[in-house]
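We did not get these values from a lab; they are worked out from the coordinates using the rules stated. Computed from a prediction, not measured in an experiment: that's the story for all the values here. Note that each Cβ is placed from the backbone with ideal geometry, even for glycine, and that neighbours are counted across all protein chains shown.
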Amino acid sequence: MTDWSEWHTRYDDPGGRLARRLAAVQEQLRTALDRAAHGPLRLLALCAGEGRDVLPVLRAHPRGTDVRARLVEIDERLCAVARAAAPAGVEVVQGDAGSAAFAGAVPVDVLMLCGIFGNTSDTDVERTVSAVPSLLATGGTVIWTRHTRPPDLSGAVRGWFAAAGVEETAFGTGEGAWSVGAGVLRGPMQPLDPAAQLFRFTGRRP
Ligand SMILES: C[S@@+](CC[C@H](N)C(=O)[O-])C[C@H]1O[C@@H](n2cnc3c(N)ncnc32)[C@H](O)[C@@H]1O
């Protein structure tokens with residue numbers, strides 16, 4: 001099993017693949033905040049880890065103080081790191097992000113699905129993408145990642161988002177076989193099934 005605390009230390013290599021992926025994710029979050037309507041904003045990050053993609057952006061962005069965020073992470077050590085770095089308005093919830101840990105926090109204006117799609121089955125990726133309209137408000141932004149190692153699922157993921165009514169606003173890949181996508185929900189929202197199990201995090205590595 002992956003030691004997810006150790007995994008986060010790889011972010012500290014400024015030239016490494018994870019640091020470059022992180023920069024791409026943070027850029028998409030800044031863009032989402034730049035274009036968000038005035039007023040309060042809600043953000044949900046599933047499998048949030050230490051929150052490195054979200055917390056520095058919220059601290060620095062002019063809209064950061066408008067954001068009420070929930071970060072869902074299962075590992076208590078990572079939750080503690082995230083809480084220590086969290087500005088006001090951010091709650092870190094320890095729990096299974098694949099199930100009902102998002103109940104009461106949705107719909108949101110920004111949905112972060114980063115570091116999940118390479119750690120669950122393809123079926124669960126598709127189910128999670130299909131459920132985005134029950135988590136995200138129409139006009140809201142979803143940001144996601146997926147490695148591009150063979151068999152590269154990123155093309156299928158982009159198609160599933162389109163089928164769910166999410167218009168792609170950005171997609172990029174980088175050296176080290178990562179991809180980052182972002183899109184805006186243009187279609188209608190769907191009711192949330194509170195009993196839904198979106199994905200089971202298997203930590204499957206290629
Ligand atoms: C690949 S890391 C991604 C962390 C963060 N989203 C990022 O991109 O920096 C995956 C994270 O999912 C967490 N995790 C694993 N199973 C989980 C579950 N069932 N619910 C919530 N978090 C989970 C791990 O502890 C780990 O922090």
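Details
- Summary value for the chain: 21 percent relative contact order, contacts being C-alpha pairs under 8 angstrom separated by 6+ residues.
- Overall form of the chain per C-alpha gyration tensor (a/c, 1.5; a/b vs b/c): rounded
- 222 nm mean residue ellipticity, helices alone, for the chain (DSSP H n ≥ 4; -39,500 (n - 2.57); rounded to 500): -8500 deg cm²/dmol
- Taking Lys and Arg as +1 and Asp and Glu as -1, the other residues whose beta-carbon sits under 11 Å from that of G159 total -1.
- Segment 100-135-segment 33-83 distance, computed between alpha-carbon centres (Å): 15 Å
- With both residues required to sit in the chain, DSSP beta bridges show an antiparallel share near 45%.
- When each of the peptides 122-134, 147-159, 48-60 is scored by the mean number of other C-beta atoms lying within 10 Å of its residues, the order from highest to lowest reads 48-60, 122-134, 147-159.
- If a spin label sat at a point 7 angstrom from the Cα of Q190 along the line to its beta carbon, the backbone N atoms of segment 136-168 nearer than 15 Å would be those of 136-138, 159-167.
- Magnitude of the charge dipole, segment 4-185, Cβ model with Lys/Arg +1 and Asp/Glu -1, debye to 20: 320 debye
- Highest average packing first - 40-46, 192-198, 72-78, Cβ atoms within 10 Å: 40-46, 72-78, 192-198
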